[in-house]
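The values are calculated or read from the model by the stated rules, or taken from the named source; none is laboratory data. Remember, it's a predicted structure, so these values are computed and weren't measured experimentally. Cβ sites come from the backbone with ideal geometry, for glycine too, and all protein chains shown count toward neighbours. When the accessible area is computed, the model is the full protein with side chains, heavy atoms only, and any ligands, DNA or RNA have been set aside. Shrake-Rupley method; radii C 1.70, N 1.55, O 1.52, S 1.80 Å.
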Amino acid sequence: MANHISAPITTQNLNENAPGLLRNAIDERIVKIRPMSTPVDQLSRCGSSRHAGAMTVEYYSVDTKATEATLSSAFDGGEGSPYSNNMATYLMRTSNDSIFDVSETILVPDIANDKGEPIVLYCLGKAENGTGIRISPVNCSDGEGNIDMPGMPSGTRLVRMGRAASELDVQSPQFAAIPRKASNNCQIFKMQVEQSTLAKIADKEVGWNFSDQEEAAIIDMRLGMEKSFIFGSPAKLFDTVKNEYLYLTGGIWNQTDNSFDLPITNLSENALISLFSKAFTGNNGSKRKILIAGTGLLEAISKLTVNRIVRGTETRTKWGVEFKEMVSNFGTLYLLHSEIFDQCGHRNDGFILDPNYMTKYVHIPFRAEQLDLRTSGQRNTDAVVLTEASCLILRYPKAHLKVIGKV
């Protein structure tokens, strides 16, 4: 139901009776100003944002539980220690004991039994001293039915499979994905535009007015914000001159450790398919992501011959940005060139962003404030200050990928 007020409409009335209306209207105007130059900022404005009650935002991120580990030391095999009438127990030392629980089955895909089948193990629990796991082989026996476990070298893969419960079991070991707490700072981005009274009334060759200056200022402001949102480093600094703290935001580049080295000199399609594989497997992400590429990376991709495995001929417009669509059997990448990467020393690199798992926190929504410098006796100008305090965070770090171009 609409709100009706018996008073002149002011910004205060609008904020009280239609919260977000002014900000949404401003954002709708901002996203139309050179969206191709600032894709990350563009995506953050087109998606949902959250209000930040303070300049420092604390949030939790969580990744899916690892599906495999490797042997950290060679496994000797043999008969093992008796456990029951048809089970023997062995100790295995792995690179990540914590992912294995009692009752889980484990596949050893690279080691076969005497029938040529990959070995399957049953997890009996953690080792008594806390290092390694106790397992029993499921399909390792000699011709007489005796358990005969083959040896395995260090580095052998162990893949988690389903849990196996007995008929009377009503419980299983608990599964818990503990999120990691992290924080980021909302940075106050500002841009001031001024025009003197004489400049305003003077004749001009073209129709250049104060609104045009505001638009140019917004372009420059968004370019600066884009660099901070991608490559910024979080910090809280104390300015002794201003006698107050300054908050710097952290960029999304450093919010994920997930990376892929891509040889871009004579880039092959096989290498590109490996990139798709890395981007779309082993994480809880979407099947449509965005690859923001520097000039060197884009040049290498553009020189590839297109075939039926990876297609890059379709153009798509989403969120006000025009992308080149690259389709593979693993998923779809929307390719976009960004000169921001060139300017920030990442000409050969790129970033694969899953927009579904990026969140914008806003402490001060984007707004334009009129400054009365004339009445205050400072300058005979019309002045506007553009302000926003915000930051970006990645919810599932493994759903995003840093692409490191190797020359």
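Points to keep in mind about this one:
- Applying a threshold of 7 Å to beta carbon distances and a minimum spacing of six or more residues, or different chains, the list of pairs starting in the range 104-116 at a residue that is at positive phi and ending at one that is among the charged types (D, E, K, R) is empty.
- Scanning the range 72-122 for residues that are among the basic types (Lys, Arg) and out of contact with any Gly (no Cβ under 8 Å at 6 or more places or on another chain) turns up just one, LYS115.
- Restricting attention to the range 362-407, the residues that are more than 26 Å from ILE188 (Cα to Cα), at pLDDT 70 or above and open to solvent by 10 Å² or more (accessible area, probe 1.4 Å) add up to 6.
- Scanning the range 232-254 for residues that are within 17 Å of the chain's Cα centre (by Cα) and open to solvent by 40 Å² or more (accessible area, probe 1.4 Å) gives SER233, PRO234, ASN254.
- Entry remark, the range 325-351: residues being farther than 26 Å from GLY224 by Cβ, in contact with an Asp or Glu (Cβ under 9 Å, 6 or more places away or on another chain) and either at pLDDT below 85 or assigned to a loop (DSSP other than H, G, I, E, B) (or both) number 0 in total.
- Residues located in the range 283-300, provided they are in contact with a helix residue (DSSP H, G or I) (Cβ under 7 Å, 6 or more places away or on another chain) and open to solvent by 20 Å² or more (accessible area, probe 1.4 Å): ASN283, ASN284, GLY285, SER286, LYS287, THR295
- Which numbered condition SER274 fails, given (1) touching a residue at least 24 places away in the same chain (Cβ under 8 Å); (2) part of a helix (DSSP H, G or I): (1)
- Residue in the range 164-172 that is open to solvent by 40 Å² or more (accessible area, probe 1.4 Å), of a type outside the set (A, V, I, L, M), modelled with pLDDT of 65 or more and under 30 Å from LEU107 (Cα atoms) present: no
- Listing of strands (runs of 3 or more DSSP E) fully contained in the range 18-123 that carry 3 or more residues being modelled with pLDDT of 75 or more and surrounded by fewer than 16 Cβ atoms within 10 Å (Cβ to Cβ): 104-112
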